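Asks: One structure is given below, represented as structure tokens, and several questions about it will come after.
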Amino acid sequence: MAEKRDYYEVLGVAKNANADEIKKAYRKAAIQFHPDKNPGDKEAEEKFKEAAEAYDVLSNPDKRARYDQFGHAGMSGAAGGGAGGFGGFGGGGFSMEDIFSQFGDIFGGHFGGGFRSSNGGGGRRVNRGSDIRVRVRLTLAEIANGVTKKLKINKTVACDKCGGSGARDANSYSTCSTCNGTGYVTRVENTFFGRMQTQGVCPTCGGTGKVITASCDKCKGEGTLRGQEVVEIKIPAGVGEGMVLTVTGKGNAARQGGVNGDLQVVIEEERNPELVRDGNDLIHNLNITVTTALLGGTVEVPTVDGRAKIKIAPGTHAGKVLRLGGKGLPDVNGYGRGDELVVVDITVPSKLSAEERKLVEQLAAQPSFQKAESVKNQNIFERMKSFFR
Ligand SMILES: [Zn+2]
Ligand SMILES: [Zn+2]
């Protein structure tokens with residue numbers, strides 16, 4: 001698949017463009033590349049779709065924020081791709097019908113519904129099942145490595161008796177009298193480009209050219225039944241709280257053999273008691289004893305791949321930050337991996353025995369213990385604070 005262009009670049013707007021500017025830019029592009037104006041021009045059609053895709057994202061504050069943060073990968077979660085990956089826009093993008101049904105209003109009613117796809121199929125307006133939204137809670141380890149989840153989804157599924165058609169059998173159809181079986185009706189409309197003869201989807205049969213004369217008794221003609229489906233989804237490494245991954249076609253089945261809705265998987269992060277996430281970095285608060293701080297030593301710290309041993313240098317101060325390079329989370333867009341930052345804290349025994357007290361008193365009398373050293377504060381605490389607000 002070709003590299004996707006930046007959505008702001010596609011619409012020719014600035015990164016800080018407001019909703020009105022984005023709408024205007026899209027309208028301009030949509031008119032320029034409109035298929036009625038560029039019949040049979042594949043490149044114009046691609047541009048038309050590209051603009052619609054960009055508009056879909058940039059006109060939605062949620063999607064736009066996600067796109068600004070994660071780029072294209074944040075839209076489909078398809079970083080790395082692979083089996084059972086996500087469709088979203090990545091998997092073939094919008095169909096022309098999607099564009100007209102979603103953004104028809106942008107044309108001020110001039111094009112809405114009147115367009116009939118030129119690339120075969122014949123502009124059939126099909127029923128579409130609704131989307132389903134589910135939440136998936138992931139541990140830090142699952143986020144670090146990526147994970148495949150099997151989700152049992154309660155949804156409408158195609159009726160097994162009629163195969164989703166809603167008809168009793170193959171003879172339960174007659175030719176639609178409105179369109180005489182063609183599936184579309186011709187009408188004359190006034191558009192931006194003058195009077196145009198357009199072919200619209202037949203309102204009676206929805207473009208199938210047929211009407212059902214006897215309904216399936218199991219689904220009462222709906223074509224759907226309540227059911228369940230186990231959906232396997234591959235979640236890429238590095239996803240974050242609130243990201244939405246779209247699995248195309250795994251939502252509710254549509255009436256009478258239409259197009260399935262999508263399954264939207266919302267990511268939730270399980271809080272890890274030892275590691276706090278900061279973007280792709282992880283922060284661990286490490287407690288060491290006074291003696292380890294003084295003499296140095298080896299201690300264990302948690303990482304996303306299990307425990308790791310790290311060395312503490314003699315004379316380590318509280319607040320020192322030890323950076324474990326590459327021990328953070330992988331970037332969801334594939335741009336490397338974050339670090340783990342170990343912030344040292346020193347614990348002091350709350351109680352001393354008489355003998356211990358004597359030893360510490362001796363120590364306190366030594367020259368190195370006469371004056372507190374001043375240490376530069378590290379701004380890691382500023383970063384950490386933001387997590388606990
Ligand atoms: Zn049925
Ligand atoms: Zn018809």
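The values are calculated or read from the model by the stated rules, or taken from the named source; none is laboratory data. Everything quoted here is computed from the prediction, not taken from an experiment. As a convention, Cβ positions derive from the backbone with ideal geometry for all residues, glycine included, and neighbour counts pool all protein chains shown.
Asks: In this structure, does Glu9 turn out to be part of a helix (DSSP H, G or I) and modelled with pLDDT of 90 or more?
Replies: For Glu9, the condition - part of a helix (DSSP H, G or I) and modelled with pLDDT of 90 or more - is met.
Yes/no per residue for (1) under 34 Å from the mean Cα position of the chain (by Cα); (2) within 16 Å of ligand 2 (Cβ to nearest atom); (3) not aromatic (Phe, Trp, Tyr):
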| residue | (1), (2), (3) |
| --- | --- |
| Ala158 | yes, no, yes |
| Gly181 | no, yes, yes |
| Val185 | no, yes, yes |
| Lys220 | no, no, yes |
| Leu225 | yes, no, yes |
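Asks: Can you find, within the range 280-291, the residue that is farthest from Gly315 (Cα to Cα) among those that are among the aliphatic types (A, V, I, L, M) and assigned to a strand (DSSP E or B)?
Replies: Leu282
Asks: Select from the range 17-44 the residues that are of a type outside the set (A, V, I, L, M) and part of a loop (DSSP other than H, G, I, E, B) and list them in ascending order. Lay out the reasoning, then the answer.
Replies: First, the residues of the range 17-44 that are of a type outside the set (A, V, I, L, M): 18, 20-21, 23-24, 26-28, 32-43.
Passing the criteria: Asn18, Phe33, His34, Pro35, Asp36, Lys37, Asn38, Pro39, Gly40, Asp41.
Asks: May I pose another question? Looking at (1) of a type outside the set (Phe, Trp, Tyr); (2) within 16 Å of ligand 1 (Cβ to nearest atom); (3) touching a helix residue (DSSP H, G or I) at 6+ places or on another chain (Cβ under 8 Å), which one does Ser172 not meet, given that it meets all the others?
Replies: For Ser172, the failing item is (3).
Asks: Counting just the residues of the range 189-203 that are surrounded by 15 or more Cβ atoms within 10 Å (Cβ to Cβ) and modelled with pLDDT of 75 or more, which one comes out nearest to Thr178 (Cα to Cα)?
Replies: Per the stated criteria, the residue is Cys202.
Asks: Same structure, new question: Which of the residues spanning the range 282-337 are of a type in the set (Lys, Arg) and farther than 30 Å from Leu359 by Cβ? Spell out how you get there, then give the answer.
Replies: So the first thing to find is which residues in the range 282-337 are of a type in the set (Lys, Arg), and the list is 307, 309, 311, 320, 323, 327, 337.
Within the range 282-337, Arg307, Arg323, Lys327, Arg337 meet the criteria.
Asks: Quick one: Phe33 ticks every box in (1) buried (at least 17 other Cβ atoms within 10 Å of the Cβ); (2) out of contact with any Phe, Trp or Tyr (no Cβ under 9 Å at 6 or more places or on another chain) bar one, so which box is it?
Replies: The one condition Phe33 does not meet is (2).
Asks: Inside the range 168-271, counting only strands (runs of 3 or more DSSP E) that do not spill past its ends, which hold 1 or more residues that are among the basic types (Lys, Arg)?
Replies: Ranges flagged: 184-191, 194-201, 210-212, 224-235.
Asks: If you take the residues in the range 270-302 that are acidic (Asp, Glu) and loosely packed, with under 15 Cβ neighbours inside 10 Å, which one is nearest to Gly242 (Cα to Cα)?
Replies: Glu270
Asks: Listed residues Leu359, Leu363, Leu352; which is at pLDDT below 95, surrounded by 11 or more Cβ atoms within 10 Å (Cβ to Cβ), under 20 Å from Thr292 (Cα atoms) and not hydroxyl-bearing (Ser, Thr, Tyr)?
Replies: Leu363
Asks: Here is a follow-up. Anything in the range 36-55 that is surrounded by fewer than 17 Cβ atoms within 10 Å (Cβ to Cβ) and touching a helix residue (DSSP H, G or I) at 6+ places or on another chain (Cβ under 6 Å)? List them, or say none.
Replies: Result: Asn38, single match.
Asks: Quick one: which of Arg307, Arg323, Arg277 is in contact with a helix residue (DSSP H, G or I) (Cβ under 9 Å, 6 or more places away or on another chain), part of a strand (DSSP E or B) and of a type outside the set (Ser, Thr, Tyr)?
Replies: On inspection, the qualifying residue turns out to be Arg277.
Asks: Shifting gears a bit: I'm trying to understand the selection: among the residues of the range 175-224, which are at positive phi and away from ligand 1 (no atom under 16 Å from the Cβ)?
Replies: Those that are at positive phi and away from ligand 1 (no atom under 16 Å from the Cβ): Asn180, Gly181, Gly183, Gly194, Gly206, Gly207, Gly209.
Asks: May I ask you to list the residues in the range 187-204 that are within 20 Å of Gly223 (Cβ to Cβ) and either in contact with a Lys or Arg (Cβ under 7 Å, 6 or more places away or on another chain) or away from ligand 2 (no atom under 12 Å from the Cβ) (or both)? Can you show your working first?
Replies: Residues of the range 187-204 that are within 20 Å of Gly223 (Cβ to Cβ), as a first pass: 201-204.
The one that is within 20 Å of Gly223 (Cβ to Cβ) and either in contact with a Lys or Arg (Cβ under 7 Å, 6 or more places away or on another chain) or away from ligand 2 (no atom under 12 Å from the Cβ) (or both): Val201.
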